[in-house]
1. Can you pull out the residues in the stretch 180-203 that are part of a loop (DSSP other than H, G, I, E, B) and surrounded by 11 or more Cβ atoms within 10 Å (Cβ to Cβ)?
2. Starting from the stretch 203-215, keep only residues that are at positive phi and outside the structural domain of residue 41 (by TED's automatic domain parsing), then list their pairs with residues that are at pLDDT 95 or above and assigned to a helix (DSSP H, G or I) whose Cβ atoms are within a distance under 6 Å, requiring at least 6 positions of separation or different chains.
3. Report yes if some residue within the stretch 107-125 is under 13 Å from the mean Cα position of the chain (by Cα), over 24 Å from residue 188 (Cα atoms) and either in a loop (DSSP other than H, G, I, E, B) or free of Cβ contacts under 8 Å to residues at least 60 places away in the same chain (or both); otherwise report no.
4. Checking residue 56 against (1) in contact with a helix residue (DSSP H, G or I) (Cβ under 6 Å, 6 or more places away or on another chain); (2) in a loop (DSSP other than H, G, I, E, B), only one condition comes out false. Which one?
5. Give 157, 134 a once-over and let me know the one that is at pLDDT 95 or above, part of a loop (DSSP other than H, G, I, E, B) and closer than 22 Å to residue 28 by Cα.
6. Can you tell me which residue is surrounded by the fewest Cβ atoms within 10 Å (Cβ to Cβ) among those in the stretch 18-46 that are farther than 21 Å from residue 159 by Cβ and within 14 Å of the chain's Cα centre (by Cα)?
7. How many residues does the stretch 70-83 hold that are over 21 Å from residue 149 (Cβ atoms) and modelled with pLDDT under 95?
């Protein structure tokens with residue numbers, strides 16, 4: 001009897017577009033042979049293989065909404081010393097092929113059937129952007145609220161697309177002109193009111209996630225309603 005095919009096999013994806021988001025982040029648009037079914041909030045693994053057989057792989061959140069197409073976007077932050085992120089930033093060009101596996105993860109996902117409060121720090125906005133895009137493309141923007149914390153305007157991912165009635169941006173180091181709030185870390189008053197039937201999605205560095213979780217609980221949000229995705233230092 002033949003072995004069953006793996007449930008989530010490696011697939012070949014062609015890079016069909018590369019777009020800068022910030023000085024240290026790029027979005028790669030990948031095209032697969034077949035449509036890719038995924039949920040907003042899931043991630044994919046990219047594997048690199050050297051001529052001598054050495055492999056390295058890293059996980060990257062998907063920024064695309066579920067739309068049943070054969071293309072999706074991964075936004076890659078360049079990390080100092082990161083062998084995978086450095087290659088994807090400095091070597092990969094449109095037309096190159098990559099080994100990709102996914103989607104992965106069923107915990108940190110939003111399927112559009114309930115209110116969602118989303119809070120992201122820096123690159124942690126990537127999976128939340130997939131949720132926001134999904135809400136906008138399906139006419140469910142009234143269900144979502146997104147709060148993004150970044151150091152400065154230059155560090156804001158998706159700067160041309162993200163602004164809207166569903167979103168708020170907090171700058172911790174440098175404000176753009178016209179912003180009255182003093183720059184600084186998120187405070188209790190920055191956290192949006194969370195509806196009783198809402199799920200809260202928090203994504204960012206471990207310190208950011210811990211701080212935001214404390215603020216949410218301090219605002220009366222039950223811990224079981226909070227879903228956290230931490231971006232660790234090895235996610236390069």
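1. Selection gives 181, 183, 184, 185, 186, 187, 191, 192, 194, 195, 198.
2. Pairs found: 204/124.
3. Yes, there is a match, as at least one residue in the stretch 107-125 is under 13 Å from the mean Cα position of the chain (by Cα), over 24 Å from residue 188 (Cα atoms) and either in a loop (DSSP other than H, G, I, E, B) or free of Cβ contacts under 8 Å to residues at least 60 places away in the same chain (or both).
4. (2)
5. 157
6. 45
7. Residues in the stretch 70-83 being over 21 Å from residue 149 (Cβ atoms) and modelled with pLDDT under 95: 4 in total.
Matching residues to (1) modelled with pLDDT under 95; (2) crowded, with 21+ Cβ neighbours inside 10 Å; (3) more than 28 Å from residue 210 (Cβ to Cβ); (4) in contact with a helix residue (DSSP H, G or I) (Cβ under 6 Å, 6 or more places away or on another chain):
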residue: 92; (1), (2), (3), (4): no, no, yes, no
residue: 113; (1), (2), (3), (4): yes, no, yes, no
residue: 145; (1), (2), (3), (4): no, yes, no, no
residue: 178; (1), (2), (3), (4): yes, no, yes, no
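The values are calculated or read from the model by the stated rules, or taken from the named source; none is laboratory data. Quick caveat: nothing in here was measured; it's all calculated off a predicted structure. For neighbour counting, all protein chains shown are included, and Cβ atoms are generated from backbone atoms with ideal geometry for every residue, glycine included.
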